[in-house]
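The values are calculated or read from the model by the stated rules, or taken from the named source; none is laboratory data. Keep in mind that what you see is a predicted model, and the values were worked out from it rather than measured. Here Cβ is always computed from backbone atoms with ideal geometry, including for glycine, and neighbour counts include all displayed protein chains. Calculation scope for accessible area: heavy atoms of the full protein, side chains included, ligands and nucleic acids excluded. Shrake-Rupley method; radii C 1.70, N 1.55, O 1.52, S 1.80 Å.
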Amino acid sequence: MMVMPGASCGVRASSQEIAMATVRVMLGAVPKEVPGIMFLSGGMSEEDATINLNTLNVLADSGLDEFKVPWVMSFSYGRALQSSVLKIWAEAAGTEREQEGKMAAEESALALYRAASQAQEGRYHGPHPSQIKASLIENFRGIRSGEDPPGV
């Protein structure tokens, strides 16, 4: 889990602040024998999940002893790799553009996986391929209340 302000907090932390706090907590709590830590997207937007993972890995490879970690830091995202894909696919389903939508969804999935893969190596530089800009929590809340989800 990344260390960050709660969803209803009025303060937004930078990816650098999130990475520094996360590494400090993990260094104090996770045994060095653990081979890897896989992060969930935890309601972050697709782009924020990618940027935060990238910043974690850049910080860990920065050469600063304070942030050197003994584990691989990677991703096990669900929604952060699916939301845009599902949006593209759903918009075309049952229409004359269904086949085109399927191909666009596949291209989107590959682009999202590529961005997350680059982030796990600290090599992500953007632009992000996400079709959805709101956080996944904001989108979910909009769907549950019957309103159009933000960013859609």
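Quick look at the values:
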{"read-out": "Per residue solvent-accessible surface (Å²) - the chain, probe of 1.4 Å", "value": "59 Å²"}
{"read-out": "Distance in nm between pseudo-label sites at Val72 and Ala7 (7 Å out along the Cβ direction from Cα)", "value": "3.1 nm"}
{"read-out": "Fraction of accessible area attributable to carbon and sulfur, the chain (%, probe 1.4 Å)", "value": "55 percent"}
{"read-out": "222 nm mean residue ellipticity, helices alone, for the chain (DSSP H n ≥ 4; -39,500 (n - 2.57); rounded to 500)", "value": "-16500 deg cm²/dmol"}
{"read-out": "Electrostatic dipole magnitude of the chain [Cβ: Lys, Arg +1; Asp, Glu -1; Cα centre; debye, to 20]", "value": "300 debye"}
{"read-out": "Kirkwood Rh in Å, taken over all unlike Cα pairs in the chain", "value": "16.5 Å"}
{"read-out": "Reachable lysines from Lys133, criterion Cα separation under 24 angstrom, eight or more residues apart if same chain", "value": "Lys87, Lys102"}
{"read-out": "Additional length obtainable on full extension of the chain from Val25 to Ser117, 0.36 nm per residue less Cα span", "value": "30.7 nm"}
{"read-out": "Inter-site label distance for Asp61 and Lys133 at 7 Å from Cα along Cβ, in nm", "value": "2.9 nm"}
{"read-out": "Stokes-Einstein translational diffusion, segment 1-79 - Kirkwood Rh over all Cα pairs, 1.567 mPa s, 4 °C, in µm²/s", "value": "101 µm²/s"}
